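> Here you go, one structure.
The values are calculated or read from the model by the stated rules, or taken from the named source; none is laboratory data. These numbers were taken from a predicted model, which means no experiment stands behind them. Neighbour counts run over all protein chains shown; Cβ positions are idealised from the backbone, glycine included. Quick note on the areas: whole protein, heavy atoms, side chains included, nothing else; ligands and nucleic acids left out. Shrake-Rupley method; radii C 1.70, N 1.55, O 1.52, S 1.80 Å.
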Amino acid sequence: MHVTVLVPAHDEEDQIAETITSLHGQRRRPDRIIVIADNCTDATADIARAYGAEVISTAGNRHKKAGALNQVLEMLLPLMGSRHAVLVMDADSALDPGFVHHAVLRLATGELAAVGGTFTGKPGGGLVGMFQRNEYARYARDVRRLHGKALVLTGTATLFRALALKEVVRARRAGRLPGRGQVYDVRVLTEDNELTLALLHLRFRILCPAECTLTTEVMETWRDLFNQRLRWKRGALENLTDYGWTRVTLPYWGRQLLSLVGIVVIFAYLGATAWSIAVTGTLTFHPLWVAVTGVFMIERIVTVRSRGGGQMALAALLFVEMIFDVFLQIAQAKAFWDAAWRRERKW
């Protein structure tokens, strides 16, 4: 297969060299590497060229990553056929050496429309970075246990069959899918999640095999992380609203319901604890909450086993993991609230 890599980049001069280097270091090297310089005001384009990538600059793009990708895909897709594949990856990600090789092997069988990756977090970010690296390790573990049956093809890195992307465009133009007749729907906050739903509604198959791994940047401040998770959750809810209740969206709606239940449980847990201390002056151990605490601790410890004994020991400290979990639940609660009241969407 002929593999073309598209790397949308907006002011990524600090990351782009590592990203391109990881592509040159692939066991099965891509045939073409294109960095899409989207409204850049730094040296991203110059560094990309210096590291051997082609550079295409966007023209009048107001739709961020989705718009940048659409501009280039509109030029490339008409020239692509059954033996072509498009790897879309973030400019702050770096592929492990076997990613393209294993992704092409999976895609070349003809059974799949896209192959996504599982990722670990890059160093940095202090405590908030550590929490994200643990979270990503748990996500990768879940995907492995499901034998690659992930619900979302993340924007970190995914290899698409060109014919599948063409079919998405045709379906949008015919009104069978939401969007304006391009690969990516520029109206949404989470274009990768929406494209996953589009492929599944066209009855394509996707996979995130354990062999396709990479590292990606972590948010380095609590504010940045909160805004990221708020956008992810709000975008996912609005994607599901666009598609409605279908055979494909049923498990996704189920996950949203579980998230809502999780919010209720965590705040009920904290409320019961605070009430016990306020009323009795001591912490009363109710059997129900003791059981909940035990299950939570065991799950936290077991699911970071790949990160080593130190992280497992840290996960055993309930209050440490609870900080991050409560933080995520607050972000999710705000996303539900904003979506319910149709507040203005922000990137």
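> Confirm whether THR19 is part of a helix (DSSP H, G or I), β-branched (Val, Ile, Thr) and open to solvent by less than 20 Å² (accessible area, probe 1.4 Å).
Considered against the rule, which asks whether it is part of a helix (DSSP H, G or I), β-branched (Val, Ile, Thr) and open to solvent by less than 20 Å² (accessible area, probe 1.4 Å), THR19 comes out as yes.
> Out of ALA59, ALA50, I need the residue that is surrounded by fewer than 21 Cβ atoms within 10 Å (Cβ to Cβ), over 16 Å from VAL7 (Cβ atoms), touching a helix residue (DSSP H, G or I) at 6+ places or on another chain (Cβ under 9 Å) and not charged (D, E, K, R). Which one? Before you say what the answer is, go through the steps one by one.
Numbers: ALA50 fails: over 16 Å from VAL7 (Cβ atoms).
Selected residue: ALA59, the only one of ALA59, ALA50 that is surrounded by fewer than 21 Cβ atoms within 10 Å (Cβ to Cβ), over 16 Å from VAL7 (Cβ atoms), touching a helix residue (DSSP H, G or I) at 6+ places or on another chain (Cβ under 9 Å) and not charged (D, E, K, R).
> How many residues are part of a helix (DSSP H, G or I), open to solvent by 20 Å² or more (accessible area, probe 1.4 Å) and free of Cβ contacts under 8 Å to residues at least 40 places away in the same chain if we restrict to the stretch 162-198?
The qualifying residues number 3.
> A further question follows. Here is a list of conditions, (1) over 29 Å from LEU112 (Cβ atoms); (2) touching a strand residue (DSSP E or B) at 6+ places or on another chain (Cβ under 7 Å), and ALA59 meets all of them except one; can you say which number that is?
(2)
> Kindly provide the set of residues from the stretch 133-152 that are within 18 Å of ARG229 (Cα to Cα) and not in a helix (DSSP H, G or I), ordered by number.
LEU151, VAL152, listed by residue number.
> Which residues, counting only those in the stretch 98-132, are out of contact with any Lys or Arg (no Cβ under 7 Å at 6 or more places or on another chain), open to solvent by 10 Å² or more (accessible area, probe 1.4 Å) and assigned to a helix (DSSP H, G or I)?
Selection gives HIS102, LEU105, ARG106, GLY126, LEU127, MET130.
> Taking the condition farther than 27 Å from ASP90 by Cβ, surrounded by fewer than 20 Cβ atoms within 10 Å (Cβ to Cβ) and touching a helix residue (DSSP H, G or I) at 6+ places or on another chain (Cβ under 6 Å), does ILE263 pass?
Details: farther than 27 Å from ASP90 by Cβ: yes; surrounded by fewer than 20 Cβ atoms within 10 Å (Cβ to Cβ): yes; touching a helix residue (DSSP H, G or I) at 6+ places or on another chain (Cβ under 6 Å): yes.
So ILE263 passes the test.
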